[in-house]
Structure formats: structure tokens, C-alpha cells
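Presented below is the structure to which this report refers.
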Amino acid sequence: MEINEDIVIVGAGIGGLATSLGLHRLGVRSIVLESSDSLRTSGFALALWTNAWRALDALGVGDSLRQRSLHFTRFQAFSANSGLPTAEISLEADNKPIDYDSRCIKRQEIVETLEKELPQGTIKYSCRVISIQQSGLYKLVHLANKTIIRTKVLIGCDGVNSMVAKWMGLPKPIDANRSAIRGYVEYPKAHGFEPKFCAYFGGGVRIGFLPCDHKSLYWFCTFTPSDVDYDEKIEGSPTKMKQFVLSLANNVSKEAYNILERTSLDSLYCAKLKLRTPWNILIKENIVKNNTCLVGDALHPMTPDIGQGGCSTLEDSVVLARCISMAIFAKNLENDDVQLCKRIEVGLEKYAKERKWRIFNLITTSYLVGLAQESNGKVISYLREKFLAQFTIETMLKMGDFDCGKLLS
């Protein structure tokens, strides 16, 4: 069976849903192909900085999500070696933009909120893409269920192992030689922790704690396997994962240690960290090619050290929806398929031009901040205790103070 669609988005994660919603707000129809049989709500939580909230406001869902999360009042950093404080920065709006905001929110809350705002039937479940072909002006998207979708525009929002990115010819993301264990804790009653971002840096590890709401907290532990006593076999064993994190957390506060200890084994996740080499982003054909483009982790997987993976994905979605809409609704121009595809091509090139240096900076900064915060070297450790901890946090906040603009230019 072959069907026609003007715009096809692959992947119903945050990027795919946000891009589709942005297009919908601007009067442009799209469909989202999702390989799972239902909405994927896995994944615990993510920190969203000011840039993400501006994007969510542009999409019309920011206020709804704010009601389900806590605004951070400060960022505290400690030495993972000694437990002593090394930096503290206020996250209140004083001396910051009036719309400054930073929160941690459950991933499930984000995807469900985005999904509810889409027209019914936008997401096509159990639609796994197995191959893509170019056919003149169109892309033929072949699904595992034997359906072929003929589309003018193909948008890959299908994650770090993107099928769309592979078809476009992008090199695979590289191993960052680091790993992360993430956890999530729910309390039967209010947990009583302050709404602050608390982190421990050094000794080959970064451990952070973020409350999502009054009853739940998210934590992460990134580490360099060569700097710690690490056995790769723990990745398949939640019990060993938990024991490993606890062994790294000797110098965290008692309340932070209790959070780790309280984490249930089914609320742990371990993964190796990967990133797209930043110079690959500067090549236009790696972002846009033949009216095909990429969003989020499909385009720019990065280390999590400045908390910009999900935030930058939301930026992508708003900018891309705006560029496509402006191309489609350009005034006094012919709307036959050839002319429309040419205008969309120009719109996608504008998206690539607008995003490439921003993404380059995010990937590079995240990698360097991770090295500074996590390194076990004597010189870096000394500098981190003296001033680098403060500097890296200020850098994180600076990268989060970005405005991707409204949907309507």
C-alpha cells in the first residue's frame, strides 16, 4: 500500500512531537511515525533551562508544564573528593531576564502534554521505518508493515541511532569514553528537599540531584570508567549499578546519599555517552539534504554536562517549524509541487544556517565543561576547587540563556 503525505516526521519523542506541534500551530499538517505501539514515556526526567521554557512557551505548553514542576532557587556545587562546597549561584530572576527559569521535569509529563495538543491521528504507532528511497522530488519511506509513504519532506527525530541520519550519510556519533547512570525516586509524601540543583564534581565523577516536584527527585552520575573502579558487567545488573554509585558517593551529604540508597532497582538506567563531532555539524548536507533534515539527538547527540540535550531539541523544533511554515505560506508564489519543494528546500537551508553554530557551541562547550567538572587530574582538580566549579556553572547558565524566537517570525 502506498500513501501520500506532505511532511513525515520519524520518531515520537520530544523532538518529533514538538516539531509536529509547532507545524500544527502554524497550520501545517504532518504525521509522526512511531515504531512502538504506544507513546514512549520511558526515561526519568530532564533539566530544562530558560531556552527550553522559551521554546515551550512558543509552542503554547510552557505554563501547563510549569504547574507540574519546581522552579530552582540556586545551584550548589561541592567537591566529590572532600564534600566541601566549591560554588553557589542564585537561580532567582534578580539581575537576569524577566523570563529566566530553570526546572527539572519528568519526561513523561513533557511527551504526554505535547501529544495531547496534537490533532487525533497525527501519531502513527507501530510504524517502524526499514528503508528510505529518493524518488524524484519525493522520499519513499518503507515501513515494516509493508506500507510505503511518499512524502515531500522527511524529518528525522529518531534519536542517536537515527535511520534518517544514516540514510543522509552522516558519520555515526562517537564514544565519549564516559558513561552515565541515572535514577529516579518517588516519595509517598513530600520529600522536604529544597528546590535547588545540587552537584558533586571531581575524582572522575559528576553526581547531581534535582527535585522534579514535591514528591519526586531525579539524580545522575556520570563517570570516566578509566578513572574509577568500573566493571562493564554492571550495566546489565541494577543491583551492581546501585552498589557502584553508592561506592562513588562517599563524600556526598547524608541526605544525598539517602536519595541514592532509596532508589529502587527498576528506577536505574545506565548508558555510554556519545556525541556528534562538532565539525560535522558545520557541513550543511549533514543537517539538510534533499528536503530531509534532522532534529535533536538524531542531529546533535552531546554529553549531558550543560543539560542542553532536550533543551536544544526544543529549540530545533521551533526554528524548523517556523522555517517550513514561512516557505509553504510565502505570498504570491506558485504552489505546484516543484515550486513548493524548492521553497521548502530554501526554508530547510535557512534552518541549517540558523542552527549550525548554536549546535557547534553546545556540543563543544558541553564536552569541555564535562572534562573540567569530572577530571581526576591534579592540576584540573586544583583549579576546579579554586575557580573552575564556579566558572563552569556560570557557563552552563549562559548557554541556557538563549531565545530561539517565536513560531511566527
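Taking a probe of 1.4 Å, how large is the accessible area per residue of the stretch 94-197, in Å²?
Value returned for the stretch 94-197: 49 Å² of accessible area per residue.
Over the alpha carbons of the stretch 24-63, what is the largest minus smallest coordinate on each principal axis, giving the biggest first in Å?
32, 32, 14
Suppose we look only past 16 Å in the calculated P(r) of the stretch 285-344. What percent of the Cα-Cα pairs does that tail hold?
54 percent
Across the stretch 132-141, in residue order, what do the Karplus-derived ³J(HN,Hα) couplings come to in whole Hz, using 6.51 cos²θ - 1.76 cosθ + 1.60 with θ = phi - 60° and x for Gly and Pro?
Per-residue couplings from phi come out as 9, 10, 8, 9, x, 6, 10, 10, 9, 9 Hz.
Can you tell me the 0 to 90 degree angle between the C-alpha axis of helix 337-374 and the longest principal axis of the chain, rounded to 10?
With rounding to tens, the tilt is 10 degrees.
Under 5 Å between amide hydrogens, which residues at least 5 positions from Ala80 or on another chain qualify, with H placed 1.01 Å from N in the peptide plane?
Sorted by chain and number, the residues that satisfy this are Phe201, Gly202.
Using a 1.4 angstrom probe, figure out how much accessible area the stretch 217-264 has per residue, in square angstrom, rounded to the nearest whole.
51 Å²
Tell me which of Ile89, Ile123, Ala18 sits at the most positive position along the dipole axis of the stretch 2-129, charges placed on C-beta atoms (Lys, Arg +1; Asp, Glu -1).
Checked the options; the winner is Ile89.
Tell me the accessible surface of Phe402 in square angstrom (1.4 angstrom probe, heavy atoms of protein chains only), to the nearest ten.
Number for this one is 60 Å².
Using only alpha carbon pairs under 8 Å that are at least six residues apart, calculate the relative contact order of the stretch 169-232 and give it in whole percent.
Here the relative contact order equals 37 percent.
Of Met241, Pro173, Gly136, which is farthest on the positive side of the dipole of the chain, counting Cα position, with +1 on Lys and Arg Cβ, -1 on Asp and Glu Cβ, and the Cα centre as origin?
Highest projection toward the positive end goes to Gly136.
For the cross-link pairs Lys189/Lys254; Lys106/Lys350; Lys116/Lys146, which exceed 21 Å when the distance is taken from alpha carbon to alpha carbon?
In this structure, Lys106/Lys350; Lys116/Lys146 exceed 21 Å between Cα atoms.
Rounded to the nearest 500, what is the 222 nm mean residue ellipticity of the chain from helices alone, with -39500 (n - 2.57) per DSSP H run of 4+ residues and division by all residues?
Rounded to the nearest 500, it is -11000 deg cm²/dmol.
Give me D for the stretch 89-216 in µm² s⁻¹, whole number, from Stokes-Einstein with Rh from the Kirkwood sum over alpha-carbon pairs, 4 °C and 1.567 mPa s.
Translational D for this selection: 66 µm²/s.
In the stretch 40-74, which chymotrypsin sites (Phe, Trp or Tyr not before Pro) fall in coil by DSSP and have 13 or fewer other Cβ atoms within 10 Å?
Here no loop site has a sparse enough neighbourhood.
Please check: in the Gaussian network model of the chain (C-alpha springs, under 10 Å), which one of Gly13, Gly169, Gly192 has the largest mean-square fluctuation.
With Cα springs under 10 Å in the chain, the top fluctuation among Gly13, Gly169, Gly192 is at Gly192.
I need to check one value: relative contact order of the chain, counting alpha carbon pairs closer than 8 Å and at least 6 residues apart, in percent.
Rounded, it is 23 percent for the chain.
Considering only the other residues whose Cβ falls under 13 Å of the Cβ of Val228, what net charge follows from Lys and Arg at +1 and Asp and Glu at -1?
Here the charged neighbours net out to -3.
Give the residue from Tyr367, His300, Ile344 lying farthest towards the positive end of the charge dipole for the stretch 277-409; charges sit on Cβ (+1 for Lys and Arg, -1 for Asp and Glu) and the dipole is referred to the Cα centre.
Tyr367
With no solvent and one point on each alpha carbon, what is the Debye value of log10 I(q)/I(0) for the chain at q = 0.08, 0.13 Å⁻¹?
-0.43, -1.10
Please report, to two decimal places, log10 I(q)/I(0) for the stretch 16-140 at q = 0.11, 0.12 Å⁻¹ as given by the Debye formula with identical point scatterers on the Cα atoms and no solvent.
-0.55, -0.63
On the accessible surface of the chain, probed at 1.4 Å, how many percent belong to carbon and sulfur atoms?
52 percent
With everything on Cα atoms, drop me the angle between helix 14-25 and the longest principal axis of the chain, reported from 0 to 90° to the nearest 10.
Once rounded, one gets 50 degrees.
Of Ser317, Ser381, Ser64, which is the most mobile in a GNM of the chain whose springs link Cα atoms less than 10 angstrom apart?
It is Ser64.
The values are calculated or read from the model by the stated rules, or taken from the named source; none is laboratory data. No experiment lies behind these values; they were computed from the predicted model shown. Cβ sites come from the backbone with ideal geometry, for glycine too, and all protein chains shown count toward neighbours. Side chains included, ligands, DNA and RNA excluded: accessible areas come from the protein's heavy atoms. Shrake-Rupley method; radii C 1.70, N 1.55, O 1.52, S 1.80 Å.
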